[in-house]
1. From the phi angles alone, apply the Karplus equation (6.51, -1.76, 1.60; θ = phi - 60°) to the stretch 127-134 and give each ³J(HN,Hα) in whole Hz, x where the residue is Gly or Pro.
2. Bin all alpha-carbon pair distances of the stretch 46-143 at 10 Å intervals from 0 and give each bin's fraction as a whole percent.
3. For ILE75, ILE46, what's the fewest-to-most ordering of other Cβ within 10 Å of each Cβ?
4. Only residues of the stretch 118-145 count here: report those whose backbone N is under 19 Å from the spot 7 Å along Cα→Cβ of TRP91, or say none.
5. Of GLU24, GLU106, GLU83, how do they rank once you tally other Cβ atoms within 10 Å and put the fewest first?
6. Rounded to whole Hz and in sequence order, give me ³J(HN,Hα) for the stretch 37-47 from the Karplus expression 6.51 cos²θ - 1.76 cosθ + 1.60, θ = phi - 60°, writing x for Gly and Pro.
7. Counting other beta carbons within 10 Å of each residue's own, what order do TRP116, TRP91, TRP54 fall into, fewest first?
Amino acid sequence: MPVIIKKENPSSSDRSKKAMDDVEGAKSAIKRFIGDVSKSSATKQIILGASSGWVTGFLSMRVGKTAAMALGGGIILLQIANEKGYIKVNWDKVNRNLDQVADKVEEQLTGEAVSWMDKVKHFARNNTPFSSGFVGGFLIGLASN
């Protein structure tokens, strides 16, 4: 007599558990990458920021190519000159001014702080070379065709 084996269909809870595991895996990979970047040298952070910004900008394309290229290149050159000691940028003053403007806008729009924005601000402040490289690379990516 033949044996019949019944295959079990994965339930929706099993599928959602697998999806959540995938999401958690992606989050941990991103956290490892960000943690590794923040411990890297300023030059490596600028290069990683510029390349990831370029990819993001390239995918977002078609916004004022000439202006974006000039602005992105200027930001990268400014950051490199700052890191090499040719110029001195008072980042505390820049951050204070940006914080004041951001706080006013946020207060008028929502009345409360957005948690993921706070995380982005904190990361950008603590990883200035990476962040400025990302912005510069993003703008160059917008300009490239």
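1. 10, 4, x, 5, 5, 5, x, 4
2. Histogram of Cα-Cα distances, whole percents per bin: 17, 37, 36, 10, 0.
3. ILE75, ILE46
4. What the label zone holds, given the 19 Å backbone N cut-off, is 118-138.
5. GLU24, GLU106, GLU83
6. Ordered by residue, 3J(HN,Hα) equals 5, 5, 8, 7, 5, 4, 5, 5, 5, 5, 5 Hz.
7. The order, fewest Cβ neighbours first, is TRP116, TRP91, TRP54.
Values in this text are rule-based calculations from the coordinates and carry no lab data. A quick note: this is a predicted structure, and the numbers were derived from the prediction, not measured. Cβ sites come from the backbone with ideal geometry, for glycine too, and all protein chains shown count toward neighbours.
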